[in-house]
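A short worksheet on the structure shown next.
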Amino acid sequence: MVDPESRLKGLVEDNATVSSLYGGFEIVVTNPLKLKWHRIFLLLLELDHEVWVRRKDEKLAIVSKPPSV
């Protein structure tokens, strides 16, 4: 089985960058028109992560983390 970070990197291809953050991920979007938004959100929600969208350096960033206990 492929780990979640590798799965995300495969989904974003060269349309975003993926970094570990808060026990989850930060995905900074570099090409919003080609990004597979729905597949990324589905994967993060399948992982039971809380998900936010914010701005980072004039780009959109998807941030996720495991749920708070």
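Nothing in this text is a laboratory measurement; each read-out follows from the coordinates by a stated rule. All of these numbers come straight from a predicted model, not from anything done at the bench. Every residue, glycine among them, receives a Cβ derived from its backbone with ideal geometry; neighbour counts consider all protein chains shown.
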Selection from the stretch 1-15 of residues that are touching a residue at least 24 places away in the same chain (Cβ under 8 Å) and more than 18 Å from P67 (Cα to Cα): R7, L8, L11, V12
Pairs please, first residue from the stretch 42-57 and surrounded by 12 or more Cβ atoms within 10 Å (Cβ to Cβ), second anywhere and in a loop (DSSP other than H, G, I, E, B) and not polar (S, T, N, Q), Cβ atoms under 7 Å, 6+ apart in sequence or on different chains. H49/P66; E50/P67
Would you be able to tell me the number of residues in the stretch 37-69 that are in contact with a Gly (Cβ under 9 Å, 6 or more places away or on another chain), outside any strand (DSSP E or B) and charged (D, E, K, R)? 0
Limited to the stretch 1-36, what total is found for residues that are in a helix (DSSP H, G or I) and either of a type in the set (D, E, K, R) or buried (at least 16 other Cβ atoms within 10 Å of the Cβ) (or both)? 7
